[in-house]
């Protein structure tokens, strides 16, 4: 998927979020570090342009909530979590780049609950590649990308890698 | 960068990259202490033993809170209520604790090198919470984190450390750390409290406090250990306070945006006048305490790993 493809997906998701929730009242976006943050920022801009108002954006690092954290010898780098608003009674839109096993989303939901009691949590992802290990599904999907377990799906974004593209590559 | 260490024994053997990684990780942990629910599940099922052979309020509480906010189980042992009073040696105590399978042992001991001995002896991670007059690495890390937040950098900063350098593990760890990070460390104190050949650590020594704090970006006051007076190291508290305390008059010699630090517990009116210690435009003393929890959370997080 190329730059235009990614942009079109995000534009559609922005409209879908607003349609499903009948506007942007009580909506907050929550980007999951690191890929989800850039996508959430882009969605924020698109939705703000459509509705002419600003949607709050939070950044969530789920490292401390991972279920494999105590088993891994080397600790993953910990980024900052930044949520400058209350989540109570909000509709939280979790944003991530790739939905795979669902474990990241499980961790993200546990983390969110520690910040308050959202009215609802919805999930937006750019790519759904299947192979779920937990009963989790996305509310907004950019593209379904059936892939084999031996492949890796890489999402490059301008903000991070200087180019917008989604590629499937052989797991090395 | 990956953190590869089993133990944190001192700042002397940490690299600049390792210090930066610890400080960055700690900065990410700061936010947890401001949440409505101040707890994350990262260290669920881990056990941390705080083994304190010396009195402590700040450090022990800070380690305990750090462990609890990460969901670890923390156990405190102080020498007065342990088998130490029955004559058990440090080595025997350590072997017995090891047999109980904790994940981290935090130790404070009056003998320099006690944590190093433990680190060789047991398989668990050891964190030095102060060993004699040798090192107090977690204090230096939280001091560096506080300086970094207020000044944004280390290189070129003038940091004055004032007081009883000879008996101060805080001073030694900070000299190692701050020099490594590129700060310019200067010392002042009575001649009886300055170790011989301290210049070999790359610091400048002044006999008068005024010379040391002139144009300083950071002034770090050390606690005068009142019990030292008996050893004839200084004649009287009053004389010490007149010659070496930080007060309204001499602080004007430092830079306008100087920050004043103190590892605590402070002797009000001895090494620092109360109006300076309590003045939020200079004093970052309570900020240091706040950073201490984040630094200790970062170390516990980085040290506890699985078996593979």
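Read the figures in this text as sums done on the coordinates, not as results from a lab. Computed from a predicted structure; not experimentally measured. Every residue, glycine among them, receives a Cβ derived from its backbone with ideal geometry; neighbour counts consider all protein chains shown.
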Task: Reference-scaled alpha-carbon Rg (2.2 N^0.38 Å with N residues) for the range A:45-115 - done: 1.30
Open item on the list: Only Cα pairs within less than 10 Å get springs; with that Gaussian network setup on chain B, which residue of B:47, B:34, B:252 has the largest fluctuation?
Closed with: B:34
- [ ] Report, in degrees rounded to the nearest 10, the 0 to 90 angle that the Cα long axis of helix B:137-151 makes with the longest principal axis of chain B.
- [x] 60 degrees
Open item on the list: Given contacts defined as C-alpha pairs under 8 Å and at least six residues apart, what's the relative contact order of the range B:190-297, whole-number percent?
Closed with: 29 percent
Task: Where the Cα pairs of the protein assembly as shown fall when distances are cut into 10 Å bins, in % - done: 4, 18, 24, 21, 17, 11, 5, 1, 0
TODO: Pick out which of B:64, B:199, B:227 has the largest mean-square fluctuation in a Gaussian network model of chain B, springs linking Cα atoms closer than 10 Å.
DONE: B:227
Task: Rounded Å value of the spacing that divides the Cα centres of the range A:155-172 and the range B:230-291 - done: 54 Å
Task: Taking the C-alpha atoms of chain B, convex hull volume expressed per residue in Å³ - done: 136 Å³
- [ ] Enter the angle in degrees (range 0 to 90, nearest 10) between the Cα long axis of helix B:169-180 and the first principal axis of the Cα atoms of chain B, meaning the one along which they spread out most.
- [x] 80 degrees
Task: Three semi-axes of the equivalent ellipsoid, the range B:85-195, Cα gyration tensor, whole Å, largest first - done: 32, 18, 9
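Can you give me the relative contact order of the range A:91-172 as a percent, contacts being Cα pairs under 8 Å and 6 or more apart?
On the way: 131 pairs, mean separation 22.1, N = 82.
Relative contact order here is 27 percent.
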Task: For chain A, convex hull volume per residue from C-alpha positions, Å³ - done: 122 Å³
Open item on the list: Taking every DSSP beta bridge with both residues inside the range A:66-172, roughly what % is antiparallel (nearest 5)?
Closed with: 35 percent
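Per DSSP H run of at least 4 residues, take -39500 (n - 2.57); add these up for chain B, divide by its residues and hand me the 222 nm value, nearest 500 deg cm²/dmol.
On the way: 10 runs with 108 residues, N = 308.
Calculated at 222 nm, the ellipticity per residue is -10500 deg cm²/dmol.
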Open item on the list: What is the angle, in °, between the Cα long axis of helix B:16-30 and the longest principal axis of the Cα atoms in chain B? Nearest 10 is fine, range 0 to 90.
Closed with: 80 degrees
Open item on the list: Using Cα-Cα distances under 8 Å and only pairs 6 or more residues apart, what relative contact order does chain A have, in percent?
Closed with: 23 percent
Task: Most mobile of A:149, A:64, A:112 in a GNM of chain A (Cα contacts under 10 Å) - done: A:149
Task: Separation in nanometres of the label points that stand 7 Å from Cα toward Cβ, at residue A:22 and residue B:57 - done: 5.7 nm
Open item on the list: What whole-number volume per residue, in cubic angstrom, does the convex hull of the C-alpha atoms of the range B:1-102 give?
Closed with: 139 Å³
- [ ] Could you tell me the distance between the Cα centroids of the range A:34-93 and the range B:111-155, to the nearest Å?
- [x] 33 Å
TODO: Tell me the label-point distance for the pair residue B:20, residue B:1, using the 7 Å Cα-to-Cβ offset, in nm and rounded to one decimal.
DONE: 0.6 nm
Task: Inter-centroid distance (Cα atoms) of the range A:115-150 relative to the range B:180-200, Å - done: 58 Å
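Among bridges DSSP assigns within the protein assembly as shown, what percent are antiparallel (round to 5)?
Within the protein assembly as shown, antiparallel bridges account for around 10 percent of the total.
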